[in-house]
Each structure stands twice: as C-alpha cells, then as structure tokens.
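Each remark here refers to the structure printed beneath this line.
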Amino acid sequence: MTYRLLSAAFLGTIALLLSSCQSPTAGQQQMPPGIVRGADGTLYYDPSARGTSLPGQPPAPAAPPDVISYWEGGSGNGPPRIRISRNDQTAYFYRGDQLVGKSWLSTGDVNHATPAGSFRVIQKNKWHKSSRYGAAVDAAGNVVDAEIDIKKDKLPPGTKYEGAKMTNFMRLTNDGIGMHAGFLPGYPASHGCIRMPEHMSEIFFNNVNLGTPVTID
C-alpha cells in the first residue's frame, strides 16, 4: 500500500523532531525529511528527497534506479492481461500472448503478503485513498502518528485520520488489494497492495478494463 505516504521508518525521525531542542519557526509544520504536503492537502512521501536527514543523522539510503519498466504499447494480438511475479517484483502486461510492457513493483512485506492466484480488475479509481492505512494529523496538519491502521489503532486525541493516497488504483479484491502508484524502495514493502512507479501505474490504468485478468505468482 503506502504509495508515497509516510513509512514506519520515519516514526523515529518524527520523534526526534518533536523532542529536538531546536524550536521550529512559528507556524512551521514539523515534518520529517522527505515528507511533503501536496496542493490538495495530501501527505506524500517524496522519493526525490531521499538522502536528506536531520542534523547529525546519517542520510536515508536512496532508492535504487528503475531498470525494469518500459512500455511498447501497440495493439498486440488479443485482449489485455497482466502477470505479476512477486519473486521478480515485476508486472508483465500482455495483449494476447504478446508482451507489450513491464513495470517494476513493490508487493506486500513479510507481515502483509500479497495474495497469489487469479484475479480480475473489479474497480478503477484514479484518485483512490486508503480507507484503512494512513496517518494521524492534528488540526494544524502536523503528523502525529505516521503509520495508522484505522481498524486496529486508536487515533491520538485531537487528531484525524488521513488515508494513504493510492493514485491509479486498480482493485483486485474486495478487501482492498490492488495495483496503484507508490514509492518503491527496491524490496517488498507494502501492506499487500502492488505499488508501481507513477508513470507506469498511469499507463496500466489507461490500458486495462473492468474484467481484465491478473494472475499473481
């Protein structure tokens, strides 16, 4: 799941910010490095900010380059279908039996495995937000808890839930598994969803239909 939303690894960073002896400028939000708030008010994890850090802290490791994704398009020789390989962390897009594109992925982590099996795209929602995973923010928009599972966690007093943004969402199961844009650290790291680079998620989104078959192995 978390697309560009805050990762749990930044909880410690947030704690450092809150406990720092340096007082923030009046009105300035206490945001960990790499976290930005978009024009729509949504919290994003900005991969371009990787490598920044708090004073005295080691820089965060940069995400590896994407050497997998490409799109050739073309009509192919049949309807679209997708194969997702968890071992390869790659999605293969076919038209009939012709491979027309590939996308780098980040599937579910060890505690939130992406299910294997045969599925179909049952919903397309370009501006989807998670109804389960997100962040707790206060009235000023500051992050109080960066990793909230709204089904299990209580929101801290005075905060509200802000769902993780999952752009170009292609739903595969009724319990929330789907493909969508998200940050790719180079290993399985999601809550079960299939994260893709934003440009590839848009291409896949624009080229699948409701009912497009998706196999996950």
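Computed quantities for the displayed model
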| quantity | calculated |
| --- | --- |
| Hey, THR167 touching a strand residue (DSSP E or B) at 6+ places or on another chain (Cβ under 6 Å) and more than 22 Å from ASP109 (Cβ to Cβ) or not | no |
| Considering residues of region 119-163 that are in a strand (DSSP E or B) and modelled with pLDDT of 85 or more only, the residue surrounded by the most Cβ atoms within 10 Å (Cβ to Cβ) | PHE119 |
| Selection count, region 170-217, where residues are of a type in the set (D, E, K, R) and out of contact with any strand residue (DSSP E or B) (no Cβ under 7 Å at 6 or more places or on another chain) | 2 |
| Test: residue in region 207-217 that is touching a His at 6+ places or on another chain (Cβ under 7 Å) and touching a residue at least 40 places away in the same chain (Cβ under 8 Å) | no |
| Lone qualifier among GLY163, GLY141, GLY186 - being small (Gly, Ala, Ser) and at negative phi | GLY163 |
| In region 94-118, residue surrounded by the fewest Cβ atoms within 10 Å (Cβ to Cβ) [restricted to those that are of a type in the set (A, V, I, L, M, F, W, C) and either outside any strand (DSSP E or B) or more than 20 Å from the chain's Cα centre (by Cα) (or both)] | VAL110 |
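The values are calculated or read from the model by the stated rules, or taken from the named source; none is laboratory data. Given the structure is predicted, the values throughout are model-derived calculations rather than measurements. With ideal geometry, Cβ positions are generated from the backbone for all residues, glycine too; neighbour counts draw on all protein chains shown.
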